[in-house]
1. Which semi-axes, in whole Å and largest first, does the equivalent ellipsoid of the stretch 12-138 have when worked out from the alpha carbon gyration tensor as the square roots of 5 times its eigenvalues?
2. By count of other Cβ within 10 Å, fewest leading, how are 50, 37 ordered?
3. I need the calculated FRET efficiency for the pair residue 133 and residue 27, taking r as the beta carbon distance and R₀ as 22 Å, to the nearest 0.05.
4. Given a Förster distance of 35 Å, report the FRET efficiency between residue 145 and residue 62 from their Cβ-Cβ distance, rounded to the nearest 0.05.
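Every number here is computed from the coordinates shown, using simple stated rules; none is lab data. Keep in mind that this is a model prediction, so the values were computed, not measured. Don't worry about glycine lacking a Cβ; one is built from the backbone with ideal geometry, like all the others, and counts go over all protein chains shown.
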């Protein structure tokens, strides 16, 4: 590892991750507690970096780097006569913000690359715990998210 890479990694330190939005929904007439075929539902997931921003101390390149991430899961049932068209039975979606302390000047390209390539792994445990807990409350089963390291 070069000293430049090491210095850049030291310049950005994880500070906090928190939930800013969350929604969950069961479609009308879908009651997972009483569904016989819950394990037959298809499950789709999504995760992406929505945006990022730097909150800098005036006249310096020091401050807080914030990254906004969107996560979601939905349960789908194939009930249509049209091929590949599925009914959405349930959804759980959230937005998290990850905050990093900027301890040294960093260029925007580095911050953008960091947001796209590193932040999801830092926030993943928060999302995983939220999803697991909400699934339990809604009697939804069958979601197994991997542990990201």
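1. Details: eigenvalues 290, 42, 21 Å².
Semi-axes, largest first: 38, 15, 10 Å.
2. On the way: 50 12, 37 7.
Going from least to most buried by this count: 37, 50.
3. Numbers: r = 21 Å, r/R0 = 0.95.
Calculated value: 0.60.
4. 0.50
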